[in-house]
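Participant: Quick one: the structure is below, questions incoming.
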Amino acid sequence: QVQLVESGGGLVQAGGPLRLSCAASGVTSSPKSMGWYPQAPGKQRELVAGIGRAGDTNYADSVKGRFTISRDSAKNIVDLQMNSLKPEDTAVYYCHAQVRELTGWGRTARDYDYWGQGTQVTVSS
């Protein structure tokens, strides 16, 4: 039922900005955290920006000062404002959400990870 849909990817010249958006639907509670994980060809997916339910943020060193993550908890939307883009930022950017859900007859709490389909960001030099 949970679905994450990313948008905003595209082709941009080095130094330019781009804004990504991720909308989460079907969640039973506000995600504990949401984040952006780019995956470049031949490399593993890695976190560059994350945000918690209270709005606390964390960034990878490679994007600090350039990327800004924000969240609209009421709408379960997370955005990533990307400035001063570099060719090495080129990747498929995946949206991630961790949601605490109650499952089973015992209604035990478990954390579930959900991923979007990804949106391509290409930075040309």
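Participant: Which residue is nearest to the chain's Cα centre (by Cα), if the candidates are limited to segment 6-41 and must be over 19 Å from SER124 (Cβ atoms) and loosely packed, with under 13 Cβ neighbours inside 10 Å?
Facilitator: Looking at residues that are over 19 Å from SER124 (Cβ atoms) and loosely packed, with under 13 Cβ neighbours inside 10 Å, I get SER25.
Participant: Just one of ALA49, ALA74, ALA54 is more than 20 Å from LEU11 (Cα to Cα), touching a Gly at 6+ places or on another chain (Cβ under 7 Å), free of Cβ contacts under 8 Å to residues at least 60 places away in the same chain and aliphatic (A, V, I, L, M); which is it?
Facilitator: ALA49
Participant: Now a separate question. Out of all the residues in segment 77-125, which are farther than 19 Å from VAL12 by Cα and among the polar types (S, T, N, Q)?
Facilitator: Result: GLN98, THR103, THR108, GLN117.
The rows are residues; the columns are (1) on the phi > 0 side of the Ramachandran plot; (2) touching an Asp or Glu at 6+ places or on another chain (Cβ under 6 Å); (3) small (Gly, Ala, Ser).
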residue: GLY65; (1), (2), (3): yes, no, yes
residue: ALA74; (1), (2), (3): no, no, yes
residue: VAL78; (1), (2), (3): no, no, no
residue: ASP89; (1), (2), (3): no, no, no
residue: ALA97; (1), (2), (3): no, no, yes
residue: GLY106; (1), (2), (3): no, no, yes
residue: TYR112; (1), (2), (3): no, yes, no
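Participant: Could you please let me know if GLY42 is on the phi > 0 side of the Ramachandran plot, modelled with pLDDT of 95 or more and not in a strand (DSSP E or B)?
Facilitator: Considered against the rule, which asks whether it is on the phi > 0 side of the Ramachandran plot, modelled with pLDDT of 95 or more and not in a strand (DSSP E or B), GLY42 comes out as no.
Participant: Assess whether ILE69 counts as being among the aliphatic types (A, V, I, L, M) and modelled with pLDDT of 95 or more.
Facilitator: yes
Participant: Quick one: count up the residues across segment 86-125 that are open to solvent by 20 Å² or more (accessible area, probe 1.4 Å), small (Gly, Ala, Ser), touching a residue at least 60 places away in the same chain (Cβ under 8 Å) and assigned to a strand (DSSP E or B).
Facilitator: Matching residues across segment 86-125 total 1.
Participant: Could I ask something else about it? Would you check if ALA60 is under 14 Å from the mean Cα position of the chain (by Cα), of a type in the set (A, V, I, L, M) and either farther than 21 Å from THR122 by Cβ or surrounded by fewer than 16 Cβ atoms within 10 Å (Cβ to Cβ) (or both)?
Facilitator: yes
Participant: Find the residue count for segment 45-66, including only residues that are in a strand (DSSP E or B) and either over 16 Å from THR119 (Cα atoms) or of a type in the set (Val, Ile, Thr) (or both).
Facilitator: Count: 6.
Participant: Of everything in segment 1-16, what is of a type in the set (Val, Ile, Thr) and in contact with a Leu (Cβ under 8 Å, 6 or more places away or on another chain)? Give them in sequence order.
Facilitator: Within segment 1-16, VAL12 is the sole residue that qualifies.
Participant: When you scan segment 101-121, how many residues do you find that are at pLDDT 95 or above and not β-branched (Val, Ile, Thr)?
Facilitator: Residues meeting the conditions: 7.
The values are calculated or read from the model by the stated rules, or taken from the named source; none is laboratory data. Nothing here was measured: the structure is a model prediction, and the numbers come from that model. All Cβ positions, even for glycine, are placed from backbone atoms using ideal geometry, and neighbour counts span all protein chains on display. Just so you know, the surface numbers come from the protein's heavy atoms only, side chains and all, with ligands and any DNA or RNA stripped out. Shrake-Rupley method; radii C 1.70, N 1.55, O 1.52, S 1.80 Å.
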